[in-house]
Each structure stands twice: as C-alpha cells, then as structure tokens.
Amino acid sequence: MAPSALNIDMTSFVVLDIEDPGTNAKLVSHLKNADFFDSGNHPSSTFEITKAVPYRGENANYRVTGKLTIKGITNEISFPAQIDFTDDSFMAKAQFSIDRSRWEIKYGSGSFFDALGDKLIYDDI
C-alpha cells in the first residue's frame, strides 16, 4: 500500500455530548485556542499512512502506522482498523486514542503540571 495523507480540519470541532449551546460554544472555543490545538495558527493537521499490514483483531483486519502532525509536531502512531477494499477505493474505520502530551498540548496535563487535583485533564484523547 502506497503512503497516503489525510488532512484534518482543526477549525471544525463539533461537541456532541454537551447540549447547552453556551457551554458547548465555550468548550469548542477553548479547544481551538492555544491551550489546546491552536487552530488559528495551525488550521490543519495531517496523518500520513506509512504502513498498513494485515492484522487479526476484534473489528479490525489491518494495523495502520503513520505520522500524525498536530501543531507542527509529528509523532508516529499505530492502531488497528477495519479496511475494506473495492476495485478503485477503500473504506476504513478505526477508534483509537493518542497521548496529547506528545504534541505539546499542555493545558491541565499532569505530564506538565503538578498538584492539579480535580483540574487535571487526562492526556489520552
């Protein structure tokens, strides 16, 4: 499989689990600012697939590896995915998490700050 890149629009966040419009808008705004993804300075992120190898797992038939770039910082990630091929296209589905601290997303992170108590925000996203 040849390397392929996906572009991620970092300005298009949608929060689906907060119904109050004001609270929802406040969270979306915070995720877009420099505390998190800084989408004003980094409006897009990319994921370049470098390898996809057959894999046997629950709901997955490939293990995908690639370079994820967020805020100009690139790290390799790997995750299981279900990939189905047709003659001229494919459909892929995956669920995974990443450690945001690897991309210098510091706000509320116990990896960067001590004694956060109930203000701690987990690094896995």
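Scanning the range 1-31 for residues that are closer than 25 Å to Tyr62 by Cβ and in contact with a strand residue (DSSP E or B) (Cβ under 8 Å, 6 or more places away or on another chain) yields Met1, Pro3, Ser4, Ala5, Leu6, Asn7, Ile8, Asp9. Taking Lys32 as the residue in question, decide whether it is surrounded by 13 or more Cβ atoms within 10 Å (Cβ to Cβ), closer than 26 Å to Asp88 by Cα and among the basic types (Lys, Arg). No: the conditions fail for Lys32. Scanning the range 54-80 for residues that are modelled with pLDDT of 95 or more and of a type in the set (S, T, N, Q) turns up Asn61, Thr65, Thr69, Thr74, Asn75, Ser78.
Only one entry in Asp99, Asp38 is at positive phi and within 18 Å of the chain's Cα centre (by Cα), namely Asp38. Kindly establish whether Gly57 is exposed (fewer than 14 other Cβ atoms within 10 Å of the Cβ), touching a helix residue (DSSP H, G or I) at 6+ places or on another chain (Cβ under 9 Å) and of a type outside the set (S, T, N, Q). No: the conditions fail for Gly57. Test Ser111 against the criterion of being under 19 Å from the mean Cα position of the chain (by Cα), modelled with pLDDT of 95 or more and either surrounded by 12 or more Cβ atoms within 10 Å (Cβ to Cβ) or not charged (D, E, K, R) (or both), and give yes or no. No; evaluated as a whole, the condition is false for this residue. Checked against (1) in contact with a Pro (Cβ under 8 Å, 6 or more places away or on another chain); (2) within 20 Å of Asp38 (Cβ to Cβ), Asn61 meets all criteria but (2).
Is there a residue being exposed (fewer than 12 other Cβ atoms within 10 Å of the Cβ), more than 14 Å from the chain's Cα centre (by Cα) and of a type in the set (Ser, Thr, Tyr) anywhere in the range 77-94? Yes, because at least one residue in the range 77-94 is exposed (fewer than 12 other Cβ atoms within 10 Å of the Cβ), more than 14 Å from the chain's Cα centre (by Cα) and of a type in the set (Ser, Thr, Tyr).
The values are calculated or read from the model by the stated rules, or taken from the named source; none is laboratory data. These numbers come from a predicted model, not from an experiment. Please note: Cβ atoms are built from the backbone with ideal geometry, for glycine as well, and neighbour counts cover all protein chains shown.
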